[in-house]
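All remarks here apply to the structure that follows.
Taken together, the values in this text are just the output of simple stated rules run on the coordinates, not laboratory data. Predicted model only: the values in this text are computed from it and were never measured. Neighbour counts run over all protein chains shown; Cβ positions are idealised from the backbone, glycine included.
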Amino acid sequence: MKKLLLIFLFISGFGFGQITEYAIKLNNLSSAEQAKEVADDIMNGFSSPRKFAEQYVNYEKYIVFKYYDTAIPNEEIEKDMKLTYCKLCDEVKFMRFFRGADKDLGIQGNETYSLKYVSGKYLDLFPWWEKHFAKGIGKEDLLDKESNKRYIEDRQKRINIRFVKNGDDWEIRNIH
């Protein structure tokens, strides 16, 4: 019986270790290309296919990847992209910072990206969350307000990623 308990604890710890490892990766992406790969991975879970439209830098602090439903005609996408805030797009936002920078010493640091925010319908964001943070959990089970599978937190490793409801939408928010 003790062996079974030890095996269970080892498997549980290994699973949480993989979750923590991926969360750490999301806070330490070394290029805009790696950030786009994460954004593409999130968009691949949407119920209707999305196409990448553009990336832009927002306030020198964020890099944002913009996607549109492939069913939207190009003319409508072009009109929407001219607006100050797109109404038809989905955006994945990453914080851009320079790890190890010290202005006083003239050290530039290494450009680093951290997943910051994405919002959408629950059923669109669920596949990515389940894939990386709640393997095998049912869609209904994750909706349970008591589910601790919607929060990935490790204060020592500076991890705090949440899958939460905000109004009618859901969002994945990294509070790192």
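Projected over all directions and averaged, the alpha-carbon convex hull of the stretch 116-162 occupies 3.6 nm². Relative to the longest principal axis of the Cα atoms of the chain, the long axis of helix 32-43 lies at roughly 80 degrees. Build a GNM of the chain with springs between Cα atoms under 10 Å: which of 107, 63, 161 gets the top mean-square fluctuation? Ranking 107, 63, 161 by mean-square fluctuation puts 107 first. Helix 2-26 and the long axis of the chain differ in direction by around 20°, with both axes built from C-alpha atoms.
Which aspartates and glutamates does residue 149 reach when only Cα atoms under 15 Å apart count, and residues fewer than 8 places away in its own chain are ignored? Within the straight-line limit of under 15 Å, residue 149 reaches these aspartates and glutamates: 130, 140, 141, 171.
When the alpha-carbon atoms of the chain are used, the pair Rg, Dmax equals 18.4, 65 angstrom. Ordering 106, 166, 136 by Cα displacement along the dipole of the stretch 39-176 toward the positive end leaves 106 in first place; charges were set at the Cβ atoms of Lys, Arg (+1) and Asp, Glu (-1).
Please work out the C-alpha center-to-center distance from the stretch 127-161 to the stretch 20-92 and express it in whole Å. The stretch 127-161 and the stretch 20-92 have Cα centres spaced 22 Å from each other. Dipole magnitude for the chain: computed about the Cα centre from +1 point charges on Lys and Arg Cβ and -1 point charges on Asp and Glu Cβ, it is near 700 debye.
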